[in-house]
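Since the structure comes first, as structure tokens, the remarks are kept for the end.
The values are calculated or read from the model by the stated rules, or taken from the named source; none is laboratory data. What you see is a predicted model, and the numbers here were worked out from it, not measured in a lab. For neighbour counting, all protein chains shown are included, and Cβ atoms are generated from backbone atoms with ideal geometry for every residue, glycine included. Keep in mind that these areas ignore ligands, DNA and RNA; they rest on the heavy atoms of the full protein, side chains included. Shrake-Rupley method; radii C 1.70, N 1.55, O 1.52, S 1.80 Å.
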Amino acid sequence: MSLSILWFILVAVLWTVYLILEGFDFGVGMLLPFVAKGDRERTLTVRTIGPHWDGNEVWLLTAGGATFAAFPEWYATMFSGMYIPLFLILACLIVRVMALEWRSKIATKRWRHAWDWAHTVSAWLVPLLLGVAFANFVQGMRIEVVDVATGTIVDPTLVNQSLATATHQLTGGFFSLLTPYTILGGLAVLAISLAHGAQFLALKTTGEVRERANAIAAPASIGATVLAAAWLVWGQFAYTTNVLAWIPLVVAALAIIASAALSQASLRREGWSFTASSVAIAGAVAWVFASMAPAVQKSSINPAYSLTIDQASSTSATLGVMTIVAACLVPVVLAYVLWSYWVFSARVGSEDVSIKTGLLMKKIRVGESFLAG
């Protein structure tokens, strides 16, 4: 196996971990107004992801950094062509960070309630936008190879000879990213995150919040199964030529069906349903990357314009250094993540949270600095 293919697989693994861990984070935020009745229960709901959410976001940074280092032309093509949706994702993530960090700074219900709504809105938007982006990787985008000096589009038969002076560019614009298939992909990822978050809340809480989470997980998992099945099967038959992509597709399909079944009241197994949901997400991400291969970005205009793994990858020396560093550090990071989840594995109840935190609004003096003493 070449180092470029190895790093293509590693980037897929990083996205898998991110979407599994951050997927239930988004789901918790999406469900905040529905499972929590009152200020204390909202605090309880947020507390379930409190020890983990910022660590989970590190996997997104790692996936982006690995893409930049291992596949610089993929990174450049993706971030320039998808600038607006990626900017919207970043803006929503920033709002979400502010909501989680600032909700406890002022000791009023109104303050916490406002930030909880900001958290919920951003949590609904991010998985929708990510789903649209991943669906575009499967469907292909209006990518062409453009000569840098002249600005002209290179003939498809001359792409390989022109890459020294030409680059892959998305020429379709923002609205070319929105098609029935990509919108379905956004809704599928949204539904999967909602069900995943409900299953996580049922696994991590006690009392009425747990009961409401279970009540939502049952129908939400069925809805996620239907939307995910439609998205995966449509993509496999319409946009994928890689026969091996059937393997992760079948794994994802069986896992999400199992997750839906285990979420129902008659067969309820909270731990197993959450585990099956995680396997389904892993299978779906593996299917996305398998459907792209051997390209990292497919062209819907002409296959000759697709950006391949070899064309996008860094030099062998760069990939070799990255492989050594990853082999040394990734096991340490994984061990820390597993340890942190083990330490905070207990369920959280209303008696475990306090809403008497933060500054009193009437004692905050505008223009004063705490550094001045």
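Out of the residues in the range 272-310 that are open to solvent by 50 Å² or more (accessible area, probe 1.4 Å) and in a helix (DSSP H, G or I), state the one that is nearest to Gly185 (Cα to Cα).
Selected residue: Val279.
Scan the range 131-161 residue by residue and report those that are more than 18 Å from Gly235 (Cβ to Cβ), open to solvent by 50 Å² or more (accessible area, probe 1.4 Å) and touching a strand residue (DSSP E or B) at 6+ places or on another chain (Cβ under 8 Å).
Val148, Thr152, Ile153, listed by residue number.
When you check Leu31 against the structure, is it assigned to a helix (DSSP H, G or I) and surrounded by fewer than 15 Cβ atoms within 10 Å (Cβ to Cβ), yes or no?
No.
Show the residue pairs meeting these rules: Cβ distance below 8 Å; 6+ apart or different chains; first residue within the range 107-121 and without any contact (Cβ under 8 Å) to a residue 40 or more places away in the chain; second residue surrounded by fewer than 19 Cβ atoms within 10 Å (Cβ to Cβ).
Short answer, once both residue conditions are applied: Trp115/Met98; Trp115/Trp102; Ala118/Val95; Ala118/Met98; Val121/Val95.
Applying the selection to the range 201-230, what residues are open to solvent by less than 10 Å² (accessible area, probe 1.4 Å) and either closer than 25 Å to Val353 by Cα or not polar (S, T, N, Q) (or both)?
Within the range 201-230, Leu201, Ala202, Thr205, Val209, Ala213, Ala217, Ala224, Ala228 qualify.
Restricting the range 1-28 to residues that are open to solvent by 40 Å² or more (accessible area, probe 1.4 Å), among the aliphatic types (A, V, I, L, M) and in a helix (DSSP H, G or I), which is farthest from Gln311 (Cα to Cα)?
Filtering first and then ranking leaves Val13.
Could you tell me which residue of the range 247-271 is least open to solvent (accessible area, probe 1.4 Å), considering only residues that are out of contact with any helix residue (DSSP H, G or I) (no Cβ under 7 Å at 6 or more places or on another chain) and more than 28 Å from Arg210 (Cβ to Cβ)?
Val250
Could you please give the count of residues in the range 30-58 that are farther than 19 Å from Ala346 by Cα, in contact with a His (Cβ under 8 Å, 6 or more places away or on another chain) and among the charged types (D, E, K, R)?
1
Show the residue pairs meeting these rules: Cβ distance below 6 Å; 6+ apart or different chains; first residue within the range 240-263 and farther than 16 Å from Ser277 by Cβ and assigned to a helix (DSSP H, G or I); second residue among the small types (Gly, Ala, Ser) and open to solvent by less than 40 Å² (accessible area, probe 1.4 Å).
Leu244/Ala290; Ala245/Ala290; Ala245/Ser291
Restricting the search to the range 90-130, which residues are among the basic types (Lys, Arg) and either surrounded by fewer than 22 Cβ atoms within 10 Å (Cβ to Cβ) or in contact with a Lys or Arg (Cβ under 9 Å, 6 or more places away or on another chain) (or both)?
Within the range 90-130, Arg103, Lys105, Lys109, Arg110, Arg112 meet the criteria.
Quick check on Val243: is it open to solvent by 30 Å² or more (accessible area, probe 1.4 Å), over 23 Å from Glu270 (Cβ atoms) and at pLDDT 85 or above?
Here the answer is yes, as Val243 does meet what is asked.
Out of everything in the range 162-177 that is assigned to a helix (DSSP H, G or I) and under 10 Å from Met82 (Cα atoms), what residue ends up being most open to solvent (accessible area, probe 1.4 Å)?
Phe174
Mind listing whichever residues of the range 315-373 are at pLDDT below 75, open to solvent by 60 Å² or more (accessible area, probe 1.4 Å) and not in a helix (DSSP H, G or I)?
Answer for the range 315-373, where residues must be at pLDDT below 75, open to solvent by 60 Å² or more (accessible area, probe 1.4 Å) and not in a helix (DSSP H, G or I): Lys356, Leu359, Leu360, Ile364, Arg365, Val366, Gly367, Glu368, Gly373.
Do any residues in the range 155-169 that are modelled with pLDDT of 80 or more have Cβ atoms under 7 Å from those of residues that are open to solvent by less than 50 Å² (accessible area, probe 1.4 Å) and among the basic types (Lys, Arg), where the two are at least six apart or on different chains, and which pairs are they?
No pair meets every condition.
Mind listing whichever residues of the range 67-84 are buried (at least 20 other Cβ atoms within 10 Å of the Cβ) and assigned to a helix (DSSP H, G or I)?
Of everything in the range 67-84, those that are buried (at least 20 other Cβ atoms within 10 Å of the Cβ) and assigned to a helix (DSSP H, G or I) turn out to be Thr67, Ala70, Trp74, Thr77, Met78, Gly81.
Applying the selection to the range 34-66, what residues are hydroxyl-bearing (Ser, Thr, Tyr) and open to solvent by less than 20 Å² (accessible area, probe 1.4 Å)?
Thr43, Thr45, Thr48
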